């Protein structure tokens, strides 16, 4: 393992809520606003993967809530000249901020599971979202 391997281990969340009996998922845009993604980032050394993912949801999407159980899957994508592996958790949203730290860089939108599957690029992430069942 080299000194930079830690930057390729990430965690993220699929923020969700129930609206009129239907599951809605919150996606955010990448910082360039070119792609729809889930809130994710490097697992910080002093945080668990779940805590790190919750922090990313707060910073990138302006939402907070509780993590539901263990990771529901992992997916990979290329960045920084390597392959990032993202451990994905479900986050039941309890609070949505009107203004959040990355609102200047990102757009967020609530949508159906089907719409979220269409919008994300990563095949493995599409599968995780498609299999979405809140526990």
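Rule-based calculations on the coordinates, nothing more; no lab input. Model, not experiment: these values are computed from the prediction.
Per-residue ellipticity at 222 nm, computed for the chain from helices alone with -39500 (n - 2.57) per DSSP H run of at least four residues, works out to -4500 deg cm²/dmol.
For the Cα trace of segment 5-130, dividing Rg by the Kirkwood Rh returns an Rg/Rh value of 0.93. Note: relative contact order over the chain, using C-alpha pairs below 8 Å and six or more positions apart, is 30 percent.
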